[in-house]
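Taking it in order: structure first as structure tokens, then the write-up.
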Amino acid sequence: MTAKTQYKLSTSDLEVVLALARTGTLAAAGERLSIDASTVFRAVQKVERGLGQRLFERSRAGYAPAELAQQLAGYAEQMEAQLEAARSAVQSQPEQVSGAVRISTTDTVLHALLAPALQPLQTLHPLLAFELHAGNELASLTRRDADIALRATRHPPQHLVGKHIGPIRVAVFAAHKGGVAHFDEKVAHQAPWIAPDDALPEHPSVVWRKKHFPKVAPRYRVNSILTVAELVSQGLGLGILPLFLAQGRSDLRQLTGVLDACQTELWLLTHTESRHLRRVSAVYTYLAQNLALA
């Protein structure tokens, strides 16, 4: 490609580059921008022709940003943050916080901790909207896939702003009715287990069970701790559950004390560039003050 020094980048050019750098596919970038994939393709081609060099490496896996595309995406993120700040600044009253806040967490934390906090938060800020993502993977706060994350980790990323919510304590549980009444080595080997081996092979509960009862093979393997709780409550077997998830549930019986080796920490995280945005700050501050673990 021949460089064309007269080409002037537009804000729409930067938006397209940023969307494709974040998502890696034309379809996903188009969805973010509310345009179709062919329009994204043509827009990228136009910018590359104008600049005289490729911005993305194409492969079957998608579009990987070259060094220049990464730099342009960085400028686009700054522009996005400044635009968000400007929109927040024009709100005349603090209580008129508005906009969408994207929160990423696991289904366990979402249902047991986050969801109960959303109703009073919605009452406090009725113009806010929430996009909630529940999954085991950590959404990228740097790429703005999420504004706020609630994650179980002992070592939160240093580049993020974090609030330590508290320790996540766990124990072995069974169904309250018709289930196991006590726990010992014999019970551990004879009773069926429910565990997230397939989805979370490095989960502390999995590591603990394999260390103490290496010959035990779970009868049920599921893709979330929330599902472990539901199957345990149905009397299908034993499971290791967070105390905050089991508290207040009459269908679960705690069989052991707290398993110290399984303990991890719950952190509320956001990116430094997002923290000053009024909508993100309002939600982050509220959650930091009101979330509590058992």
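Over the chain, what relative contact order in percent results from Cα pairs under 8 Å that are six or more residues apart?
The value is 21 percent.
How high is the FRET efficiency from residue 68 to residue 234, r the C-beta distance, R0 51 Å, rounded to 0.05?
With a Förster radius of 51 Å, E is 0.40.
Select one label from (i) 78, 49, 32; (ii) 47, 44, 39; (iii) 80, 56, 39: the one whose number is Cα extents along the principal axes in Å as derived from the coordinates shown.
Matching entry in (i) 78, 49, 32; (ii) 47, 44, 39; (iii) 80, 56, 39: (i).
Between 82, 190, 247, which gets the highest mean-square fluctuation from a Gaussian network model of the chain, Cα cutoff 10 Å?
190
Please list, ordered by chain and number, the residues whose modelled amide H lies under 5 Å from the amide H of residue 166; skip anything fewer than 5 residues away on the same chain.
Sorted by chain and number, the residues that satisfy this are 266.
At 222 nm, what value in deg cm²/dmol follows for the chain if DSSP H runs of at least 4 each add -39500 (n - 2.57) and the sum is divided by all its residues, to the nearest 500? Walk me through the intermediate numbers first.
Details: 11 runs with 114 residues, N = 294.
For the chain, the value works out to -11500 deg cm²/dmol.
How many nm is it between the label spots at residue 202 and residue 215, if each spot is 7 Å from the Cα in line with the beta carbon?
Using points 7 Å along Cα→Cβ, the separation is 3.0 nm.
Pop out the ³J(HN,Hα) list for segment 149-159 in order, Karplus 6.51 cos²θ - 1.76 cosθ + 1.60 with θ = phi - 60°, rounded to Hz; leave Gly and Pro as x.
Each residue's phi maps through the Karplus curve to give 10, 10, 9, 8, 7, 8, 9, x, x, 5, 7 Hz.
Per residue of segment 104-113, what does 6.51 cos²θ - 1.76 cosθ + 1.60 with θ = phi - 60° give for ³J(HN,Hα)? Whole Hz please, x for Gly and Pro, Karplus curve as stated.
Result, ordered by residue: 10, 6, 8, 5, 4, 5, 4, 6, 8, 10 Hz.
How much length is gained on full extension from residue 81 to residue 57, taking 0.36 nm per residue of separation minus their Cα-Cα distance?
Net length gain for the segment: 6.0 nm.
Whole-Hz Karplus ³J(HN,Hα) for segment 33-47, in order, using 6.51 cos²θ - 1.76 cosθ + 1.60 and θ = phi - 60°, x for Gly and Pro?
With the stated coefficients, segment 33-47 comes to 8, 6, 9, 8, 4, 5, 5, 4, 4, 5, 5, 5, 4, 4, 5 Hz.
Under the √(5λ) rule applied to the eigenvalues of the Cα gyration tensor, what semi-axes describe the equivalent ellipsoid of segment 135-254? Give them in Å, descending.
Those come to 30, 16, 13 Å.
Highest mean first, what order results for 228-235, 31-38 on Cβ atoms within 10 Å?
Highest mean packing first, the order is 228-235, 31-38.
Helix 278-290 sits at what angle to the longest principal axis of the chain, using alpha carbons and giving 0 to 90 degrees rounded to 10?
10 degrees
Rounded to the nearest percent, how much of the accessible area of the chain (1.4 Å probe, protein heavy atoms only) is carbon and sulfur? Mind dumping the intermediate values first?
Working: 7830 of 15300 Å².
Carbon and sulfur atoms account for 51 percent of the accessible area of the chain.
Between 53, 263, 158, where does the largest GNM mean-square fluctuation fall for the chain, given springs only between Cα atoms within less than 10 Å?
158
Find how much the distance from residue 96 to residue 186 grows on full extension, using 0.36 nm per residue of separation minus their present alpha carbon separation; answer in nm with one decimal.
Working: separation 90, 0.36 × 90 = 32.40 nm, distance 5.94 nm.
Residue separation times 0.36 nm, minus the Cα-Cα distance, leaves 26.5 nm.
With a 1.4 Å probe and all protein chains left in place, how much accessible area per residue does segment 177-275 have, in Å²?
That works out to 51 Å² per residue.
Under 11 Å from the Cβ of residue 177, count the other residues' Cβ atoms, weight Lys and Arg +1, Asp and Glu -1, and hand me the total. Mind showing how you got there, number by number?
Details: positive: 253; negative: 251.
Around residue 177, the charge tally is 0.
Could you work out how much longer the chain between residue 32 and residue 261 gets when fully extended? Use 0.36 nm per residue separation minus the Cα distance between them, nm to one decimal.
Length gained between residue 32 and residue 261: 78.2 nm.
Can you list which of the chymotrypsin sites (Phe, Trp or Tyr not before Pro) found in segment 1-73 are DSSP loop residues with at most 15 other C-beta atoms within 10 Å?
Here the chymotrypsin sites (Phe, Trp or Tyr not before Pro) that fit, given the DSSP loop and packing criteria, are 7.
The values are calculated or read from the model by the stated rules, or taken from the named source; none is laboratory data. None of these values were measured; they are calculated from a predicted model. Every residue, glycine among them, receives a Cβ derived from its backbone with ideal geometry; neighbour counts consider all protein chains shown. These accessible areas exclude ligands, DNA and RNA; they are computed on the full protein's heavy atoms, side chains included. Shrake-Rupley method; radii C 1.70, N 1.55, O 1.52, S 1.80 Å.
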